[in-house]
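Below is one structure, written out as structure tokens; comments come after it.
Every number here is computed from the coordinates shown, using simple stated rules; none is lab data. Since this is a predicted model, take the numbers as computed values, not measurements. Neighbour counts run over all protein chains shown; Cβ positions are idealised from the backbone, glycine included.
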Amino acid sequence: MLSRMETSANHALPGTGAPHILVVDDDREIRELLAKFLERHGLRVSAVRDAREARRALLNGHYQMIVLDLMLPGETGLDFARWLRTEASTYSHLGLVMLTAMGEETDRIIGLELGADDYVAKPFNPRELLARIRAVLRRAVESPQPRSAGQARLWRFGGWTLDPARRRLVSPDEVEVPVTGGEYDLLLALVERANRVLTRDMLLDLLRGRQAGPFDRAIDVAISRLRRKLEDDGRHAQLIKTVRGGGYVLAAEVERL
């Protein structure tokens, strides 16, 4: 858990170029200590106590990601996450890290199904949370590396098109399908390694830089979301196939354009 000792050092607000994080937690002490800790490590932080204040903050500021406590008074964190990912398309691109109660695996799974990028269980080590935030920011904030005209490319598979330059997924009917940062990066990892079996550990390492724990279902949940968006029935999936005891494979011919 955050401690006063860890946040007692003097800190200055980062410059305006620092990523801006919105912390949503009804515990005042956690909000204040977490804000100080993250600011000390080069991030800009705004902290609010509930979903209503979070909506107001989103209207009045520009953020790169949200750290969201699921146990909020009134509108729960899960309800707010659902609103972010399904109704508020303006904010669907924001990175989202959930704070969950220890042992509440069901809430974590639901949150991941709603499109959260990662989670940390309370009580948490602030350095672990910082590492998770930075990992999500690398995906959600950093723009793609510039390419020359000769290097620019699209990926096409099963009629679908993945555009790395714009981080877009386009259906065979030429309709853009919204995907979160985590979903996009997972799909790109599969596309770049098409017809190769990737274990959960390999995918977690590629995307998050950490090993899967015994109860970590983040990859399984993200694969399920991707299948729905790719209209790839999970029971008879043709694009993303499950390899028993192995992991997942994109079973499609991939063309570079």
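Between T76 and T242, the FRET efficiency from the beta-carbon distance, with R0 = 41 Å, is close to 0.85.
Cross-link partners for K229 among the lysines, with Cα-Cα distance under 20 Å and sequence neighbours closer than 8 places in the same chain left out: K241. Taking a straight line from the alpha carbon of K36, these lysines sit under 24 Å away, with near neighbours fewer than eight places off in the same chain left out: K122. Note on A165 and D201: the model spin-label points, each 7 Å out from Cα along the C-beta direction, lie 3.9 nm apart.
Using the Cβ of L129 as centre and a radius below 11 Å, the other residues enclosed give a net charge of +2, where K and R count +1 and D and E count -1. Label positions at E32 and L59, each projected 7 Å from the Cα along the C-beta direction, are separated by 2.8 nm.
By how many nm would the segment from I109 to A131 grow when fully extended, if each residue of separation counts as 0.36 nm and the alpha-carbon distance is taken off? Numbers along the way, then the final one.
On the way: separation 22, 0.36 × 22 = 7.92 nm, distance 2.05 nm.
Gain on extension, I109 to A131, equals 5.9 nm.
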